[in-house]
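The values are calculated or read from the model by the stated rules, or taken from the named source; none is laboratory data. What you are looking at is a predicted structure, and each value in this text was computed from that prediction instead of being measured. Here the Cβ is made from the backbone with ideal geometry for all residues, glycine too, and neighbour counts use every protein chain on show. For accessibility, only protein heavy atoms count, side chains too; no ligands or nucleic acids. Shrake-Rupley method; radii C 1.70, N 1.55, O 1.52, S 1.80 Å.
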Amino acid sequence: MESMQGAQELGFQGRFDRLRPVVEETFDLNFMGSKSVGRHWKKLSAAEKEIWLDKFTSFLAANYAGNFDAYDGESFHTLGEEPAKRETLVVLTELRVPNSEDIILNYRLRKTDDGWRIIDIYLKGTVSELALRRSDFSTTLKAKGFPELAAAVDKKILDLRTKGGS
């Protein structure tokens, strides 16, 4: 909420700088990063895996920074939680937007050594963000290789930066 409320003063980079540590703390980035490229993960070198996890983390933070570019009285509400398959938990939330349609964001979490971490976000309650990214990223990786995938994610981040105001 602070990033949204201070969106104009912070600019994209300020929001990104505030949100990246939150992403690192709350998401299971190793799990999500590996799943986001599907079976191709095993074929990446250790250096490529490290680069990919950094780019994937930056992309998630940029996505939030780019979309939280203004504050019009929105508020987050946790509606509850429910157990899910493979010993995970879904936390039901919504972003209430005055004079507009509320946005349902459900977070799937799994227990790690560091506590519960987010492993997927369901837009509109049912559309898996991780599945959408896996489709996009693994297709690019298979067809064009790792350097092109890395460049494509850098472009997505730049687009979010442009859209979200520098």
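Has the range 50-61 got any residue that is open to solvent by less than 20 Å² (accessible area, probe 1.4 Å) and touching a Pro at 6+ places or on another chain (Cβ under 9 Å)? Yes, because at least one residue in the range 50-61 is open to solvent by less than 20 Å² (accessible area, probe 1.4 Å) and touching a Pro at 6+ places or on another chain (Cβ under 9 Å). Return the residue satisfying two criteria in turn: it lies in the range 62-97 and is open to solvent by 40 Å² or more (accessible area, probe 1.4 Å) and of a type in the set (Phe, Trp, Tyr), and of such residues it is nearest to residue 8 (Cα to Cα). Looking at the filtered set, the residue picked out is 71. Among residues of the range 7-32 being more than 16 Å from the chain's Cα centre (by Cα) and without any contact (Cβ under 8 Å) to a residue 12 or more places away in the chain, the one that is surrounded by the fewest Cβ atoms within 10 Å (Cβ to Cβ) is 9. Only residues that are surrounded by fewer than 16 Cβ atoms within 10 Å (Cβ to Cβ) and in contact (Cβ under 8 Å) with a residue 12 or more places away in the chain were counted across the range 104-115, and they come to 2. Could you check, for the range 45-67, whether at least one of its residues is over 12 Å from the mean Cα position of the chain (by Cα) and basic (Lys, Arg)? Within the range 45-67, one or more residues are over 12 Å from the mean Cα position of the chain (by Cα) and basic (Lys, Arg). On inspection, residue 148 fails the criterion of being more than 23 Å from residue 24 (Cα to Cα), assigned to a loop (DSSP other than H, G, I, E, B) and either open to solvent by 90 Å² or more (accessible area, probe 1.4 Å) or polar (S, T, N, Q) (or both).
Being of a type outside the set (Val, Ile, Thr) and either modelled with pLDDT of 95 or more or out of contact with any Phe, Trp or Tyr (no Cβ under 7 Å at 6 or more places or on another chain) (or both) is a property that holds for residue 132. Figure legend. Inter-residue proximity from the range 123-145: first residues within 16 Å of residue 52 (Cβ to Cβ), second residues open to solvent by 80 Å² or more (accessible area, probe 1.4 Å) and among the charged types (D, E, K, R), beta-carbon distance below 9 Å, spacing 6+ or different chains. Indicated pairs: 130/35; 133/35; 134/35; 138/39; 140/148; 141/43; 141/148.
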